[in-house]
Amino acid sequence: MDSLLIVGGHVVDPASGVDQEMDVLLREGRVAAVAAPGKLRSQAQRSFNAKGCIVAPGFIDLHVHLREPGQAHKETIATGSAAAAAGGFTSVCAMPNTVPVNDSAEITRWMQAPERGALVNVFPVAAATVGSLGEKLTDFATLKKAGAVGVTDDGKPILSDRLMHDALHAAGKLNIPVVQHAEDTRMTADCSMNLGATSFRLGLHGMPNAAEASIVERDIALAGATRGHVHVAHLSTREALEAVRRGKKAGVRITAEVTPHHFTLVDENVGDFNTHYKMNPPLRSLADRAALIEGIADGTIDAIATDHAPHAFHEKQVEFERAAFGITGLETAVAIAVTVLHRHFNLPLWRMVELLSASPARIFGLARRGSLAPGSHADVTIFDPKKKWTFDASQSKSKSKNTPYDGWSFTGKVVATIVDGKVIYEG
Amino acid sequence: MKPPLRSLLGIEQLTTAQIESILALARRMDPSRPSQLLRGKRVALLFYESSTRTRTSFEFAAKTLGATTTLVTPVSSSIEKGESLIDTGWTVANLGADAIVMRHANSGAAYLLARYVRVPIVNAGDGMHQHPSQALLDALTITNHKKRLNGLRVVIVGDVYHSRVARSNAELLSRFGADIVFCGPPDFVPEISASLAPGVTACHDLNIALQGADVVMALRVQKERLAGKDISVEDYIANYQVTPQRMKLAKPDAVLMHPGPVIRGMELTSEVADGPQSCIHEQVRNGVKTRMAILAMLLGAAR
């Protein structure tokens, strides 16, 4: 009988209300028991010593780009999931802007096939419209049956009111979220960063906050009308955050994620045209960053998601305006969350873990994940919240190295990642 | 002590002392007397965008100092075959260029080139970002007339938003204590433009902006940039064109400048462009002197 006993760690499991020293027994791919230290001894074939570490439900990243099919020069499901494992993520939700776009049951199943070599659980989020062209809705029921956990045209917003209304209505009946990349592209043509003093100084066209907020406002109205669930991807502005806060108060089914870079960096960090600071949505102002931190603490924000967006060197080592949007993020997210949110802004580890596990599992309806309650999938993330380390991008498991964090020192390191009861990463 | 200047990318990276020494050297340069200061040096003119005065003045500057030049443009080169900027830069450097003067449509292009290519890079205009040699020649022109920059009121009127000349000039003049007024309709002079440097303000009323001005700098206004904006061409001309009447609002000894190309009848009238206060021709002449100084300094031949 395949079993593993995690001993000596401090279990933080918001879903079941546990926050104390406990041993965790995993057996046959499930959590078998969580009990006071010493109580479970002799029940397992192997044990893992987690002394000094936090033992948490396996972390879930709602927003990654694994680039397969079609863009294997940037990333593959195998390399992207290896990066996820190294970053402490046991499940990732893969965006559909592949080549071709994942708008079919065939591609959705293809992405989940064992031949892809995924090290962690991969949950596809399928395209909301055919080819993500924003014209005709895909068949949500068929996609859900094939394994899709949500629908989105990520990278592109669903601009048409009519289409978004129908998408929320159809997805709502199936109980899956419509994930919105909130950007009114009519206001952001030719833009490569946030609108502000830095964009003016650099002579770059800037994206106004209103381009994000106006779409979020509209989506709240449509979600309210349809009883559908809208999930705001990579929320970045204080206005959009405020809209989500109001929407939640009004009882609308709205949830939101924020990326580590948006709560850590600001537009000024673009410096002299460093393309490792170019992403969409762009890095915003200090005031926006402060609002996001507040939203994370008060519950307006539901999840931390990386928007892991790998690109090859030649796609970033070009003129700033021509460079691809996006940065990798899977291997640095937990360290940044500990360093910035927990240590600098005093966010309790409990809340941080919730944002990475219980809450994302609930949003995307991932049953028996995001918790260590007995019977849950045996997905566990073990991290040392005090360990100092330095990130070396050249050692990244991702195929791409487009990260602004090369050489950054962090406090908080993933020590082990366990998927389905097996230790798939030890750091 | 900063290391000697390697590349000229923007005003921001220059120390005040470096600006002063370029200007001092420019004053001593005489385009009518060819020298052999840069004999044997090769200067590549990498122009991704069209240009008359900048390209020609860099070419004359280099040749007057005894250097040879070669022009590389996207048409009929590997650039139109899809070669990246970095690869083109490496190629030009390995062919033997001792310096690369580059004009490019993308903001920051010169910074990218300088990060990868090991020869001095001169930014001859990158998108809406910087045009440092223009700001230097403008400072030379202003100081010829005003003897100082500190305390001057400099009104820069026109399409500031799209202007690399406005950004470079404001940063340079601010460094020396001038008051800079950006003036134009809100689409061309957004409020955020005042954050560019200390002493910069934004104003949407030219009649107010011009009062007490020592320097009036008009910028080119392209009709197509007004398309879809809140202001029509007629309104622009009515409110922001520099006319002889408006010049009277400035100080009597105010000078009128324009980086070119001038669109007569748009940003200013011919009476102003060709009038007694105009320094437009002098700016062009100072362009050659200033660029001689820049090349001499970057190629290590300046005393």
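The values are calculated or read from the model by the stated rules, or taken from the named source; none is laboratory data. For clarity, every value in this text was computed on a predicted model and none was experimentally measured. A quick note on method: Cβ atoms are made from the backbone with ideal geometry, for glycine too, and the neighbour counts reach across all protein chains shown.
Here are a few things to note about the model shown:
- Residue match in the stretch B:277-295 (condition: assigned to a loop (DSSP other than H, G, I, E, B), surrounded by 15 or more Cβ atoms within 10 Å (Cβ to Cβ) and out of contact with any Cys (no Cβ under 7 Å at 6 or more places or on another chain)): yes
- If you check A:GLU331, A:GLU319 for being within 14 Å of another protein chain (Cβ to nearest Cβ) and in contact with a Gly (Cβ under 7 Å, 6 or more places away or on another chain), only one passes: A:GLU319.
- Odd one out for B:GLU224 among (1) in a loop (DSSP other than H, G, I, E, B); (2) modelled with pLDDT under 95; (3) more than 13 Å from chain A (Cβ to nearest Cβ): (1)
- Answer residue from the stretch B:38-97, given it is touching a Pro at 6+ places or on another chain (Cβ under 9 Å) and of a type in the set (Lys, Arg) and is modelled with the highest pLDDT among those: B:LYS63
- Of the strands (runs of 3 or more DSSP E) lying entirely inside the stretch A:1-105, the ones with 2 or more residues being crowded, with 21+ Cβ neighbours inside 10 Å are found at A:3-7, A:10-13, A:23-27, A:30-35, A:54-57, A:59-64, A:89-94.
- Residue match in the stretch B:120-134 (condition: part of a helix (DSSP H, G or I), more than 14 Å from every other protein chain (Cβ to nearest Cβ) and without any contact (Cβ under 8 Å) to a residue 40 or more places away in the chain): no
- Residues (closer than 15 Å to A:HIS231 by Cα and of a type outside the set (D, E, K, R)) located in the stretch A:175-194: A:ASN175, A:ILE176, A:PRO177, A:VAL178, A:VAL179, A:GLN180, A:HIS181, A:ALA182
- A:PHE313 being surrounded by fewer than 20 Cβ atoms within 10 Å (Cβ to Cβ) and in contact (Cβ under 8 Å) with a residue 60 or more places away in the chain: yes
- Scanning the stretch A:135-156 for residues that are surrounded by 17 or more Cβ atoms within 10 Å (Cβ to Cβ), over 18 Å from the mean Cα position of the chain (by Cα) and part of a loop (DSSP other than H, G, I, E, B) turns up just one, A:THR138.
- The set of residues in the stretch B:100-119 being within 17 Å of B:LEU14 (Cα to Cα) and within 8 Å of chain A (Cβ to nearest Cβ) consists of B:GLY108, B:TYR111.
- A:ALA290 vs. criteria away from chain B (no Cβ under 14 Å), part of a helix (DSSP H, G or I) and buried (at least 24 other Cβ atoms within 10 Å of the Cβ): no
- Residues of the stretch A:346-398 classified as in contact (Cβ under 8 Å) with a residue 40 or more places away in the chain and among the polar types (S, T, N, Q), total: 7
- For A:ALA197, the criteria (1) within 14 Å of another protein chain (Cβ to nearest Cβ); (2) touching a His at 6+ places or on another chain (Cβ under 8 Å); (3) surrounded by fewer than 23 Cβ atoms within 10 Å (Cβ to Cβ) hold in every case but one, which is (2).
- Considering the stretch A:334-371, and only residues there that are over 20 Å from the mean Cα position of the chain (by Cα) and not polar (S, T, N, Q), the residue that is nearest to A:GLY58 (Cα to Cα) turns out to be A:ARG343.
- Identity of the residue in the stretch A:200-211, surrounded by 20 or more Cβ atoms within 10 Å (Cβ to Cβ), more than 8 Å from chain B (Cβ to nearest Cβ) and of a type in the set (A, V, I, L, M), that ends up farthest from B:ALA170 (Cα to Cα): A:ALA211
- Every pair of residues 6+ apart whose Cβ atoms lie under 8 Å, when the first sits in the stretch B:65-90 and is within 14 Å of another protein chain (Cβ to nearest Cβ) while the second is among the acidic types (Asp, Glu) and in a loop (DSSP other than H, G, I, E, B): B:LEU85/A:GLU319
- Members of the stretch A:1-26 that are under 14 Å from A:PRO374 (Cα atoms), under 25 Å from the mean Cα position of the chain (by Cα) and of a type in the set (Asp, Glu): A:ASP13
- Odd one out for B:ASP138, checked against (1) more than 12 Å from chain A (Cβ to nearest Cβ); (2) among the acidic types (Asp, Glu); (3) more than 15 Å from B:ILE22 (Cβ to Cβ): (3)
- Residue list for the stretch A:274-287, restricted to those being out of contact with any Lys or Arg (no Cβ under 8 Å at 6 or more places or on another chain), in a helix (DSSP H, G or I) and either of a type in the set (A, V, I, L, M, F, W, C) or more than 14 Å from chain B (Cβ to nearest Cβ) (or both): A:LEU286
- The stretch B:93-116, residues that are closer than 26 Å to B:GLY40 by Cα, surrounded by fewer than 23 Cβ atoms within 10 Å (Cβ to Cβ) and hydrophobic (A, V, I, L, M, F, W, C): B:ALA93, B:LEU95
- Options B:GLU271, B:GLU224; residue that is touching a residue at least 24 places away in the same chain (Cβ under 8 Å) and surrounded by fewer than 16 Cβ atoms within 10 Å (Cβ to Cβ): B:GLU271
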